[in-house]
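Novice: Below you'll find the structure I mean.
Where a number appears in this text, it was derived from the coordinates with a stated rule and is not lab data. Because the structure is a prediction, the values reported are computed rather than measured. FYI the Cβ positions are ideal-geometry reconstructions off the backbone, even for glycines, and counts take in every protein chain you see.
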Amino acid sequence: MPDDETNRRVLSGNEAIAHGAWAAGVQVASAYPGTPSTEILENIAKFSDVYCEWAVNEKVGMEVAIGASIAGSRALTAMKHVGLNVAMDPLMTFAYIGANGGMVVVTADDPGMHSSQNEQDNRHVARFGKLPMLEPSDSQECYDMVRAAIPMSEEFEVPVLIRTTTRVSHSSGIVDLGEFRRAPASGRKYSKDIARTIPVPMHARGMRVRLEEKLERLAEHAETSPFERWERGSRAIGIVASGIGYAHAREAFPDASFLKLGIVYPLPERRIRAFAASVERLLVVEEGDAFLEEQILALGIPVERPARSLRIGELDPDRLAALAAAVAGKDAPSPPAPLRGLPPRPPVLCPGCSHRGVFDSLHRLGATVTGDIGCYSLGAFAPLSAMDTVVCMGASVTAAHGMEKAGRTGRLAAVIGDSTFFHSGITGLLNMVYNRSRGTVVVLDNETTAMTGHQEHPGTGRTLQGQKTPKVAIEDVARGLGVRRVRVVDPYDLEATHAALKEEMDAPEPSVVVCRRPCILGARVKVEHRYAIDADRCSGCAVCLRLGCPALETSEDLAAKTGKPKARINAVLCAGCGLCVQVCRFDAVREEARS
């Protein structure tokens, strides 16, 4: 990057974090992809002077960043909110050890659960771990806060948390990069000091005291931080806000006074008291739990709580407009009426998705199926209806084992993707072998991390930065763990897939079936076959429709003429997988001649 260049760019929050990391002198970045944080590492990787990697899971990413920090390098790790659950063990202890080189941990929360199984508020992690946390409200602050967090981490010798939410991560805005140059190296070196880096009880007790002292100094730092901004308006209403809640509240309450908090833990107590004393009514607007509100109430400061809770779901202008009306004693504005007559569009597996044939077989075999986090979670819904549980990454394997040990009889399978298998399925499979399970683990190997945007993983043979690396075969890992029954099948071959699943689920010992076929989107598979349905041969049995393929439709015109739900294939959507050919018992699906 050229020196002394003043830049103004339109960046998403995630892109701004990446630019801030480079400018702050981050040297090592490690993460596991997870919406809404994925693009952070993808964009840092564009800077050739930063080492970037996809870690196999968030715990590993955290520990890599910790190792880099201990060595004196500046480091960053990023993850979605539930990913931080996986990485909590090393983070909680590293809070005691403390940073050497500056370290930033980005946690991207997902209010409204756009792509997540819960909407936990990770601001509580800062309080729990006694760590400072910054919360940006827009892309500019994403950039500025990362740049500020690295020197803060080094000054106070703590990892610094930055909490974003879905809207901040993915919304774009103009970012003034200023003189966009890379900060010089910290100059910090590693020197052996086991009293600092080995928290056995005799050392950890002193670390605990020092951490509390650091927190007191951080609270004093928050009192003078430029990210804590007092915006004077009407004395009638004062609002304490942070994150995207501030942006929405600023529009909904244009005349109010605001205390905009950028450091949300520890809080600047004197500033809050002074602000509260300057207004007649005090409200707190925040996205997620009552994190700020409860701390302010604990200070003995009265806070006016709205009748309509903001705690569940994502904040948006309509919800804040309703709050503003309630505060003013007016009726809430009516939300816009939904458009009528629009057909529902539930999420479905893509046309040609290789997972479809596996779920069709599991459904026909009457299996109890424990599922996992990935595209294949859609196998739970009609018409496939072939999944019973989803908890968290890797839980498919261990939940299946638990169900079997609890006495669940019949066919039992755990379905997990290839990236998720490497993330957290391996230890569960080892547990199955060790504890003499008889369940079957079905690995849907589409050779990518599909749901988060087709990132690399240990089974692809490529790193985040495009380097060739050994390609880890799932079947070899399974055999290395002691699984004796391991098979690889092509899920486009329904008969072979059905037979393999039946045989392995009926076996008296643990087994692994790897269903391997590249993701049709990630691999950009060329459509080589097109199919059409001969209406005269179609019996209207609707067996093909049970595949749940978006390309298979019911022809209303033919149904009206014949009185049967005749099927047809949408030529625009057909990916040529041929599953419908294999399930049709009347030879009604024919390959079209290529022009």
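Novice: Of CYS142, CYS541, CYS519, CYS574, how do they rank once you tally other Cβ atoms within 10 Å and put the fewest first?
Specialist: CYS541, CYS574, CYS519, CYS142
Novice: Relative to the longest principal Cα axis of the chain, at what angle does helix 395-405 sit, 0 to 90 degrees, rounded to 10?
Specialist: Between the helix axis and the principal axis of the chain, the angle is about 60 degrees.
Novice: Can you sort LYS260, LYS46 so the residue with the fewest Cβ neighbours within 10 Å comes first?
Specialist: LYS46, LYS260
Novice: Find the relative contact order for the chain and round it to a whole percent, using C-alpha pairs within less than 8 Å whose residues are 6+ positions apart.
Specialist: It comes to 11 percent, rounded to a whole number.
Novice: Going by C-beta contacts inside 10 Å, put LEU215, LEU261 in order with the fewest on the left.
Specialist: LEU215, LEU261
Novice: DSSP beta bridges in the chain, what fraction antiparallel, as a percent rounded to 5?
Specialist: The antiparallel proportion sits near 30 percent.
Novice: Sticking with this one: Measure out, as a whole number of angstrom, how far apart the alpha-carbon centroids of region 388-419 and region 39-88 sit.
Specialist: The two parts, judged by their Cα centres, are 29 Å apart.
Novice: Given 0.36 nm per residue, what is the gain on full extension from GLU280 to THR463 after removing their alpha carbon distance, in nm?
Specialist: Once the chain is fully extended between GLU280 and THR463, it gains 60.2 nm.
Novice: A further question on this structure: Answer with one residue from GLY425, PHE47, LEU218: the one whose Cα lies farthest towards the positive end of the charge dipole of the chain, charges on Cβ with Lys, Arg +1 and Asp, Glu -1.
Specialist: GLY425
Novice: Under the rule of -39500 (n - 2.57) per DSSP H run of 4 or more residues, summed and divided by the residues of the chain, what mean residue ellipticity at 222 nm is obtained, to the nearest 500 deg cm²/dmol?
Specialist: -10000 deg cm²/dmol
Novice: Further question: Does region 355-516 come out rounded, prolate or oblate, given a ≥ b ≥ c as the square roots of the eigenvalues of its C-alpha gyration tensor, rounded meaning a/c under 1.5 and, failing that, prolate meaning a/b above b/c?
Specialist: It comes out prolate by the Cα gyration axes.
Novice: Right, something else. Give the distance, in whole Å, between the Cα centre of region 263-301 and the Cα centre of region 136-158.
Specialist: 22 Å
Novice: Test of the criteria: in region 440-490, which trypsin sites (Lys or Arg not before Pro) are in a DSSP loop and have at most 13 other Cβ atoms within 10 angstrom of their Cβ?
Specialist: Answer by residue number: LYS471, ARG484.
Novice: Filter LYS468/LYS502; LYS405/LYS502; LYS130/LYS189; LYS526/LYS564; LYS80/LYS468 down to the pairs with a C-alpha to C-alpha distance above 32 Å, please.
Specialist: LYS468/LYS502; LYS526/LYS564
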